[in-house]
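Participant: This is the structure I have questions about; it appears just below.
A short reminder: the numbers here are calculations on the coordinates, not readings from a lab. Since the structure is predicted, the reported quantities are computational estimates derived from the model, not experimental observations. Because the Cβ atoms are built from the backbone with ideal geometry, glycine has one as well, and the counts that use them run over all protein chains shown.
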Amino acid sequence: MKENRKLERFELDIPARLMVTTDAQKKEVIELQTVNINAGGAFLQTEHSYPVGTRVQLDLVLPVEKIKELIGMYGCVKVVGKVARSESQGIAIIFDNKYEIMPYRR
């Protein structure tokens, strides 16, 4: 099968927190890891499945030691997106263009 990606994908295991608001307005928060990521989205390993189109917020914790040395904390990228694909190994999220980079203290 031919790969149709326009953005380079990186196989990175990044700690993440996925926040989903269900139809019943109940918020779910799941701690998980990315499998791969690029500038347009990520694939996350999870046993939870969500319908395609479900809106999500994803906090990606960047455990880069150099950042921690410089400012005493980790970096966190907050992105919003939607579920593009759901399968038995996890879910694919497409990011919106909105994001926020901020400090993250453990």
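Participant: Filter segment 71-100 down to the residues that are of a type in the set (Ser, Thr, Tyr) and within 13 Å of ALA16 (Cβ to Cβ) and list them by number.
Facilitator: TYR74, the sole residue that qualifies.
Participant: I've got another one for you. What pairs come out if I take residues in segment 17-39 that are within 19 Å of SER88 (Cα to Cα) and pair them with residues that are surrounded by fewer than 10 Cβ atoms within 10 Å (Cβ to Cβ) whose C-beta lies under 6 Å away, six or more apart or interchain?
Facilitator: Listed pairs, sorted by first residue: ASN36/GLU11.
Participant: Next up: Can you name every residue in segment 40-67 that is over 24 Å from GLU8 (Cα atoms), touching a strand residue (DSSP E or B) at 6+ places or on another chain (Cβ under 6 Å) and without any contact (Cβ under 8 Å) to a residue 40 or more places away in the chain?
Facilitator: The answer is THR54, and nothing else.
Participant: In addition: Got a number for residues in segment 44-61 being outside any loop (DSSP other than H, G, I, E, B) and either buried (at least 18 other Cβ atoms within 10 Å of the Cβ) or among the β-branched types (Val, Ile, Thr) (or both)? Even if it seems obvious, please write down each step before you answer.
Facilitator: To start, the set of residues in segment 44-61 that are outside any loop (DSSP other than H, G, I, E, B) comprises 44-45, 55-61.
Subset that is either buried (at least 18 other Cβ atoms within 10 Å of the Cβ) or among the β-branched types (Val, Ile, Thr) (or both): 44, 56, 58-61.
Matching residues across segment 44-61 total 6.
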